[in-house]
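Notes follow once the structure below has been shown.
Laboratory data are not the source of any read-out in this text; all were calculated from the coordinates shown. This is a predicted model, so every value here is computed, not measured. Neighbour counts run over all protein chains shown; Cβ positions are idealised from the backbone, glycine included.
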Amino acid sequence: MKKILSLLTVLILLASLLPATASINVPSSTMYVKTANGKTLNLREQPDANAKVIAKIPYAAEVQVYSDFLGMVWYHVQYGMYNGYVKTEFLSDKKPKPHVTPTPKPTVKPTPTKAPSPEEQTAMEIAAAKALGLVPKGMISEGNITWQELDQLLTNAIRLKNKNPSATRGHVYLSLAEYQAANAGFDFNIVLRGVAAAEMYGALIDMGESDPSFNHSNDPFVADSATIALCQEHAGISSNLVGDWRALPMLDMVLTIIDNVDAVSGKPVMTLDADHEFLPNNPFTRAEAIQAVYRLYNSFHQFLGKVTVTHKRQANLRAQPSMDAAIVGKVNPGEVYNVVSIPKTSWYEIQLQNGKTAYIVAGMVAFEMN
């Protein structure tokens, strides 16, 4: 009798060491831990993702599965001395192969886009101008430009823009005879920057621009405006020439050329220096001239018509003809813009007051063809 009591006492003590949730059932099958990342599997006290974790079972470890709880989500298992619940998705009938952590692919660092230096920008634009056919054959890019060379550059731009190989310049600021008789080139056959801007203003008219002056609401401050007037005086052009476009203040022409922006690079045709000076009485170099005429060619568009903003609120301007494209600005009801192109149905490419272009959806405007 004492032996029986002793055996019962031992059994009771052993039972007290098991977790409270231990099943009295016999495990029905053996399965193996197979986690996707090779990490340990949480053994929980209850079939609940928020239940207490009572053990962590290593990858590929063997567990005994009880038949009293075979759910779609949880299994009741025995792992060593631990009894609890694991998710069914992390158990496999077959022992998995050792987990091999994949070697991460090296991160490809994007190559930073380096903005070209002013010298590189000039070289690229001169090369593009030559490829386009703007630069007269045999013309070099060093030294100061002559009246004849600038005349040929502008004539080529007009011919290319108008698709007329025999077109000539009808709006010349100074003819060769006037140029030679004036103080515009002094004792040398050079073209001053102020005169060059006026010649390009006339070229815009010859390209078909009816009003080259645009809207000067965003004009930059020009520190040497008095010197620009002096340059016009040297050219011998009087403001008393009634009805002659050349009688316009040279400052207006300079501002127009600065306002015109190359649609390719976003750079103005001609620029001011760091002190906001245009330096109108400085010689115009060949490199400057080729670059400026190339930008002038890219800045001018033959307009297809006009659009008037008819929407009651501001309308969005887009970087591309798509509603998914970035918004680059807004326009107000009633404003009118020239149409550069109609890239696809329901979109217009319009020219803004700063010379740049953007896209607007047709539903926001009324179109009038030229």
| query | Which angle between 0 and 90 degrees, to the nearest 10, do you get for helix 286-299 versus the longest principal axis of the chain when only C-alpha atoms count? | reply | 70 degrees
| query | Can you list the residues of the stretch 261-294 with backbone N under 19 Å from a point 7 Å past the Cα of Leu230, pointing along Cα to Cβ? | reply | 272-284
| From the cross-link list Lys130/Lys161; Lys114/Lys344; Lys56/Lys95, which pairs have alpha carbons spaced over 26 Å apart? | Lys114/Lys344
| Classify the stretch 310-351: rounded, prolate or oblate, from the alpha-carbon gyration tensor (a ≥ b ≥ c, eigenvalue square roots; a/c under 1.5 rounded; otherwise prolate if a/b is larger than b/c)? | oblate
| said: Can you compute the charge dipole magnitude of the chain about its Cα centre, using +1 on each Lys and Arg Cβ and -1 on each Asp and Glu Cβ, nothing else charged? Give it in debye, rounded to the nearest 20. | reply: 3280 debye
| field | Cross-link partners of Lys267 among aspartates and glutamates (Cα-Cα below 20 Å; sequence separation of 8 or more within a chain) | value | Glu119, Glu120, Glu125, Glu199, Glu209, Asp219, Asp252, Asp259, Asp275, Glu277, Glu288, Glu349
| query | Equivalent-ellipsoid semi-axes (√(5λ), Cα gyration tensor) for the stretch 281-353, whole Å, largest first? | reply | 32, 14, 13
| note | With the 8 Å Cα cutoff and a minimum separation of six or more residues, the stretch 238-370 has a relative contact order in percent of 22 percent
| query | Rounded, prolate or oblate: which fits the stretch 199-308, taking a ≥ b ≥ c as square roots of the Cα gyration tensor eigenvalues, rounded meaning a/c under 1.5, else prolate when a/b beats b/c? | reply | oblate
| remark: The computed P(r) of the chain puts the percent of Cα pairs beyond 26 Å at 67 percent
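What does the net charge come to around Met139 if you take all other residues with beta carbon closer than 13 Å to its beta carbon, with K and R at +1 and D and E at -1?
Within the 13 Å Cβ shell, the charges total 0.
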| field | For q = 0.20, 0.21, 0.25 Å⁻¹, Debye-computed log10 I/I(0) when each Cα of the stretch 119-220 counts as one equal scatterer | value | -1.18, -1.24, -1.36
| field | By average C-beta atoms within 10 angstrom, highest first, the peptides 253-259, 335-341 | value | 253-259, 335-341
| Over the chain, relative contact order from alpha-carbon pairs under 8 Å, at least 6 apart, % | 12 percent
| task | Any chance you could run the full-extension gain for Ala366 through Ala36? It's 0.36 nm times the residue separation minus the Cα-Cα distance, nm to one decimal. | result | 112.8 nm
| message | Using only the alpha-carbon atoms, how far is helix 250-259 inclined from the longest principal axis of the chain? Give it as 0 to 90 degrees, nearest 10. | response | 20 degrees
| Pairwise FRET efficiency - Glu120 versus Gln148, Cβ, R0 = 45 Å, nearest 0.05 | 0.95
| Within a Gaussian network of the chain (alpha carbon springs, distance under 10 Å), most fluctuating of Thr155, Thr357, Thr35 | Thr35
| Rounded to 10°, Cα long-axis angle of helix 118-132 versus longest principal axis of the chain | 70 degrees
